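The values are calculated or read from the model by the stated rules, or taken from the named source; none is laboratory data. Since the model is a prediction, treat every value here as computed from it, not as a measurement. As a convention, Cβ positions derive from the backbone with ideal geometry for all residues, glycine included, and neighbour counts pool all protein chains shown.
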Amino acid sequence: MFRRLRAAGHWVFLALLFCGFSSPVFGASSKRAAAPVFSEARGIFEKPFSLELTSKTAGAKIYFTTNGSAPEEGKGTLYRGTLRVASTTVLRAVAIADGLAPSEIVTESYLFLPDVVKQAGSGFPTNWGVNLGKAVPADYEIDPEITGHPDYRDQMLPALQAIPMVSVVMEVEDLFGSKRGIYANPKESGAEWERPASVELMFPKGEKGFRVGCGIRIQGGWNRRPEESPKHSFRLLFKKKYGPGKLKFPLFGAGGEFDTLILRGGCNNTWLHWSGEERKRGDFIRDQWMRDSLREMGHPSAHGFFVHLYLNGLYWGLYNLCERPSAPFVAAHFGGKPEDYDVRNGDHILEGDGESWKKMMSLANAGVKTDGEFAAIAQKVDMPELVDYLILNFYGANADWDHASNWYAARRRSPAGKFEFFVWDGERTLEGVTDNSMAFDDDQSPPRLFHKLKENPEFRRLFGERARLHLINGGALSPAKAAERYRKWVEKLDLPVIAESARWGDYRRDVHRYKTGPYELYTRKDHWRPEVDRLLNQYFPKRSDAVLKQFEERGLYRP
């Protein structure tokens, strides 16, 4: 039996638990059968082992699947005795007993890394829907050109164990199906394109992770488009309809309670971008560095770290698991409930309304030259926080933050609070040492606030004061501190980026040549290390002085 499943391509990596609760049939007891217990816990394995499934409910029958689907009576295989697990296996099980509602569905994942590096996607759909009138070719392969290369073949298995792993398990039709699959319809959004899933965080050295039921959607804007990127981002939503309602786990230190998490796949300055110039700058760190930097400057900012992602057992690449600075995030940091706040993601209102924002922007657009005008707008926005946010984005020379996207802002509604800003999608940063993005202006955006406020002497004084604090004398954006914060991620990703190269490094060369070349095989040695070395040895040592000079030229700083 297991040999046939392996040949069909369903022996795939690490999956996870409980995709949600099975609904009891009408007239059945509200009491559930006891959930299946697996004799072996999920993890990374080197040798075959025997697996037993049991339930504390007397007489219960256990049904299981190994293809990601939710088992139920008549759907799946009836467990009749010990199973031999000799290859990467995702196993989901449910207990069924007369007079009782079905148990919760439990998933355990058993990973054999030599299988992962030979992944070809056998048995999975050959395309991911239709885009622009053409089928989107599916791409699952772990590139043997990387796994067999003398520079990388002995590092592939260590690369896959160097950082935590997230595995998402769901119905194949919900993921890849042409009619309802979120990956086959990535441009669709909203609650109607949310699907039930099971998600598990697994640490390579045995630290405690989690497994939980949640909803999952495609996340983001431009990289939803299949022609722009085949590697989509995901939003995980923790709701009672799927599981406990909140994820309670110390992801980023002590405590931790989450309504939403994001799995960011990246778009700009990655190996999958349409521009050959941006592909050359692929480093995967910029956005995380920007969020870390705002926190180092003394303000709340979304946490994150890097993981290897698996979808229904298939290795999907390097992802950034992070918080979303939406209303629950704001309430967790500032107190109260999410509905106590006005929260916006660019021009999208996520919570509350836009009235206070309109008043603030009206004050700015009317002019902020006098002391009274400055005092009035300072009642609407946390001015020191805004200045620090602007300084950070000018330091990175952000090239992608207009009125519509790539920033968050929030304020408490009652008692009336001030708007604070949060970094989001800072991938178009840290490019040229002398880049200057201060000329960009767009109404209803942070850059518009800057252009109106810089006319005011008090704002210019505050700006110069904060620039001095952060850019020199060991401040958060001084050369050594900025580089140190970046180097931390370089050291963590030096091995894992090999796996990303094997998964996606050949896509623009071999699968879809799009817009501008050169179309290369992107690797750690030839592309990633040269870019991170450039940033560490050229950008960070010189950028602080370069941006201070730009501030000085605009009357925002005096040496």
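Results, tabulated for the structure shown:
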item: Complete set of residues in the stretch 277-307 that are over 17 Å from Phe394 (Cα atoms), within 18 Å of the chain's Cα centre (by Cα) and not in a loop (DSSP other than H, G, I, E, B); result: Gly304, Phe305, Phe306, Val307
item: Enumeration of residues in the stretch 257-292 that are under 20 Å from Arg513 (Cα atoms) and among the acidic types (Asp, Glu); result: Glu277, Glu278
item: Residue within the stretch 321-333 that is under 30 Å from Ala120 (Cα atoms) and touching a residue at least 60 places away in the same chain (Cβ under 8 Å) present; result: yes
item: Condition broken by Pro559, with the remaining ones in (1) free of Cβ contacts under 8 Å to residues at least 12 places away in the same chain; (2) assigned to a helix (DSSP H, G or I) satisfied; result: (2)
item: Boolean, Pro144 is surrounded by fewer than 17 Cβ atoms within 10 Å (Cβ to Cβ) and over 23 Å from the mean Cα position of the chain (by Cα); result: yes
item: Qualifying residue in the stretch 194-202 (condition: in contact with a Lys or Arg (Cβ under 8 Å, 6 or more places away or on another chain), of a type outside the set (A, V, I, L, M, F, W, C) and at pLDDT 95 or above); result: yes
item: Strands (runs of 3 or more DSSP E) contained entirely in the stretch 328-432, each with at least 1 residues that are surrounded by fewer than 17 Cβ atoms within 10 Å (Cβ to Cβ), on the phi < 0 side of the Ramachandran plot and at pLDDT 95 or above; result: 348-351
item: Within the stretch 76-116, considering residues that are over 16 Å from Leu160 (Cβ atoms) and of a type in the set (D, E, K, R), the one surrounded by the fewest Cβ atoms within 10 Å (Cβ to Cβ); result: Arg80
item: Residue list for the stretch 246-295, restricted to those being out of contact with any helix residue (DSSP H, G or I) (no Cβ under 8 Å at 6 or more places or on another chain), of a type outside the set (Phe, Trp, Tyr) and surrounded by 15 or more Cβ atoms within 10 Å (Cβ to Cβ); result: Lys246, Leu247, Leu251, Gly256, Leu261, Ile262, Leu263, Glu278, Arg286, Asp287, Arg291, Arg295
item: Those residues of the stretch 94-111 which are more than 16 Å from Asn312 (Cβ to Cβ), in contact with a strand residue (DSSP E or B) (Cβ under 8 Å, 6 or more places away or on another chain) and not charged (D, E, K, R), in sequence order; result: Val94, Ala95, Ile96, Ala97, Leu100, Ala101, Pro102, Ser103, Val106
item: Tally of residues being over 20 Å from Tyr310 (Cα atoms) and assigned to a loop (DSSP other than H, G, I, E, B) across the stretch 127-146; result: 2
item: Some residue of the stretch 201-222 being at negative phi, touching a residue at least 24 places away in the same chain (Cβ under 8 Å) and of a type in the set (Asp, Glu); result: no
item: Test: residue in the stretch 166-187 that is touching a residue at least 12 places away in the same chain (Cβ under 8 Å), in a strand (DSSP E or B), among the hydrophobic types (A, V, I, L, M, F, W, C) and surrounded by fewer than 20 Cβ atoms within 10 Å (Cβ to Cβ); result: no
item: Ala97 being farther than 30 Å from Pro158 by Cα and either in contact with a helix residue (DSSP H, G or I) (Cβ under 7 Å, 6 or more places away or on another chain) or at pLDDT 95 or above (or both); result: yes
item: Condition check for Gly243: at pLDDT below 95, farther than 20 Å from Ser109 by Cβ and either in contact with a strand residue (DSSP E or B) (Cβ under 8 Å, 6 or more places away or on another chain) or surrounded by fewer than 22 Cβ atoms within 10 Å (Cβ to Cβ) (or both); result: no
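Conditions (1) under 30 Å from Glu227 (Cα atoms); (2) at pLDDT 95 or above; (3) not polar (S, T, N, Q), marked per residue:
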site: Lys56; (1), (2), (3): no, yes, yes
site: His149; (1), (2), (3): yes, yes, yes
site: Gln155; (1), (2), (3): no, yes, no
site: Met165; (1), (2), (3): yes, no, yes
